[in-house]
């Protein structure tokens, strides 16, 4: 469970969200606008409760009978995974199934309509402190690489393997699955002034813990990923590259003097991550709660049984969306 609503009084109002799809947590509680928002990912926890909305995360957003468990006006698609996943290819066409689609992808957000911005971010390391980063942290070496190479050669994985091999051949410490696993990711970031951080794909709007973890550890990311990242974060607090030769040309410049020049801007990027609330899973759910409050009307529903979901789906195919509309009115 992820519990991040401890600053609310015990008698604060509660809003429940039925959550479908993969999650690291069975239950997530966050505070938003004075309300305790409770996201329930396990079906046993949803029994007997009424919900403001239902979210269908990543692969669960695939159109099918399961969507009919939630009235159409109360459904939200949440697309936060790597954009190479098959569910992304189903949008924008699948958007007609949802009241709102929350996604990081710029090309979908730019279409307007139900598409709304939801940056992913999050982190896999302990939270850092912007003041500590700005003041200076003990760094014992210049550059590391952290990333998994246990993938095939599709998307950005092939380049990641090539980068890891080239850096290892030049004596750069390399960590991650398939190279040198570490019990704590921070051990491969915090001691270093710079670290090469590569997303699975290069897509506008998509950045993950691979970037945020560097900020948290006071380490300048040498980043391959979101080509629009400098619209979100201070360009003077990160280094970007597109190709292996470009990275190898940058390598000699990644040293103590350059780091000291960039350190104030690195601290600013950690402050920006904080202001955007992209530093952890709780922040992700707070931002989802804010979107649901804005785009899902007041009222509640009870999730339909599998039997009713199948009936509603069949009726909708025959008679449009009238069955869903009737059910929504009955549950308000």
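All of the numbers you see were taken from the coordinates with simple rules; none came from a lab. Just so we're clear, the structure is a prediction, and the values are computed from it rather than from any experiment. Here Cβ is always computed from backbone atoms with ideal geometry, including for glycine, and neighbour counts include all displayed protein chains.
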* Structure fact -> Burial-style ranking of 267-273, 83-89, average other-beta-carbon count within 10 Å with highest first, yields 267-273, 83-89
* If each residue's Cβ is checked for other Cβ atoms within 10 Å, how do 262, 137, 3, 198 rank with the fewest at the top? -> 3, 137, 262, 198
* Rounded to the nearest 10 degrees, what's the angle between the helix 157-169 long axis and the longest principal axis of the chain, both from Cα atoms, 0 to 90? => 20
* Asked: What distance in nm separates the simple spin-label points at residue 277 and residue 140, each placed 7 Å from Cα in the Cβ direction?
  -> 3.9
* Asked: Using the alpha-carbon atoms, what tilt in degrees (0 to 90, nearest 10) does helix 306-319 show relative to the longest principal axis of the chain?
  -> 80
* Asked: In the set [x] 1.45; [y] 1.02; [z] 0.94, which value of Rg/Rh (Cα atoms, Kirkwood Rh) was calculated from the structure you see?
  -> [y]
* What ranking of 193, 52, 74 emerges when the number of other C-beta atoms within 10 Å of each C-beta is taken as an exposure proxy, fewest first? -> 52, 193, 74
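Quick check on the exposure proxy: order 32, 107 from fewest to most C-beta atoms within 10 angstrom.
Neighbour counts put them in this order, fewest first: 107, 32.
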